[in-house]
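Here the structure is laid out as structure tokens; the discussion comes afterwards.
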Amino acid sequence: MSRFAALTLAVLSIAGAAEAQDIPVESAAGKGERLLWLEPLGTSLGLLYTASPSARDADERIYMLSGGYAHPLDARRSLATELLVVHNVGGCRDVTGKCYGTTLVRTSVGLAYSFGGSPGRGFLLQPRLILGYYRQHPGRADPDVFGQPLETRGSHGFSLQAGLDVGYQWRFGPVYLSIVGGLAAGVSTGIEDIPPFLSVDGNYTGTGEPRPALALGLNLHLLRVGFTF
């Protein structure tokens, strides 16, 4: 073998090795596969309720926003983070000007497993760790049966849960769509109860005392709409 042929073969081998190394790096980085989404169902229901005659009569408003971001780790796994914020307020038309209300903030982190060949496609399995904070704001609540206003004291609650979401995902170009639901279980403290509407990714407990209590959660967001980049 001539020196020229040997040198050519060596250069081609080095170039081929470099090209082979570049492919996994780009694949692992998930170029063009990152996902960002919103969950519009809860937001829409909250706005519809807020605009309803019953909510206006009760002077009650519910605002909800939730969404998430997934950064791919490889062809199937992504690191997924989610955030939910719910604010429920009422009684602000009272002449005292003292509103009452609650705020719920929940954040989670977990691994999203996609079984469609790439992140954001096919069957979805997503275990996650969920942290929750619940705040009951001090204020003047609805009058009781004797017509006297009820003063509410502020309180705090916390929860820690392990959850599992399942669903199915589609990609239409850059558009991302999925149907997802799930369950969670863990412990909470200081959370007395969350009305059924706020149970969208919320907690069910039976105590408002500071001692730990069982906290069961449902992910009822159901729909994710977003895009890839």
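The values are calculated or read from the model by the stated rules, or taken from the named source; none is laboratory data. Source: prediction; values computed, not measured. Positions of Cβ are backbone-derived with ideal geometry, glycine not excepted, and every protein chain shown enters the neighbour counts. Side chains are part of the model used for accessible areas, which takes the heavy atoms of the whole protein and leaves out ligands, DNA and RNA. Shrake-Rupley method; radii C 1.70, N 1.55, O 1.52, S 1.80 Å.
Quick check: anything in segment 101-119 touching a residue at least 40 places away in the same chain (Cβ under 8 Å), polar (S, T, N, Q) and touching a Ser or Thr at 6+ places or on another chain (Cβ under 8 Å)?
Looking through segment 101-119, at least one residue is touching a residue at least 40 places away in the same chain (Cβ under 8 Å), polar (S, T, N, Q) and touching a Ser or Thr at 6+ places or on another chain (Cβ under 8 Å).
Taking residue 166 as the residue in question, decide whether it is open to solvent by 60 Å² or more (accessible area, probe 1.4 Å), under 15 Å from residue 128 (Cα atoms) and at pLDDT 90 or above.
Details: open to solvent by 60 Å² or more (accessible area, probe 1.4 Å): yes; under 15 Å from residue 128 (Cα atoms): yes; at pLDDT 90 or above: yes.
In short, yes.
Could you list, in sequence order, the residues of segment 178-215 that are surrounded by fewer than 16 Cβ atoms within 10 Å (Cβ to Cβ) and either modelled with pLDDT of 65 or more or under 30 Å from residue 118 (Cβ atoms) (or both)?
Within segment 178-215, 179, 181, 183, 185, 187, 210, 211, 214 meet the criteria.
Anything in segment 88-116 that is touching a helix residue (DSSP H, G or I) at 6+ places or on another chain (Cβ under 9 Å) and under 23 Å from residue 39 (Cβ atoms)? List them, or say none.
88, 102, 104
Residues to consider are 83, 65, 47; find the one that is surrounded by fewer than 17 Cβ atoms within 10 Å (Cβ to Cβ), in contact with a strand residue (DSSP E or B) (Cβ under 9 Å, 6 or more places away or on another chain), part of a helix (DSSP H, G or I) and not β-branched (Val, Ile, Thr).
47
What single numbered condition from (1) open to solvent by less than 60 Å² (accessible area, probe 1.4 Å); (2) within 30 Å of residue 227 (Cα to Cα); (3) outside any loop (DSSP other than H, G, I, E, B) fails to hold for residue 89?
Residue 89 satisfies all of (1) open to solvent by less than 60 Å² (accessible area, probe 1.4 Å); (2) within 30 Å of residue 227 (Cα to Cα); (3) outside any loop (DSSP other than H, G, I, E, B) except (2).
Taking segment 76-101, which residues are more than 17 Å from the chain's Cα centre (by Cα) and modelled with pLDDT of 85 or more?
76, 77, 88, 89
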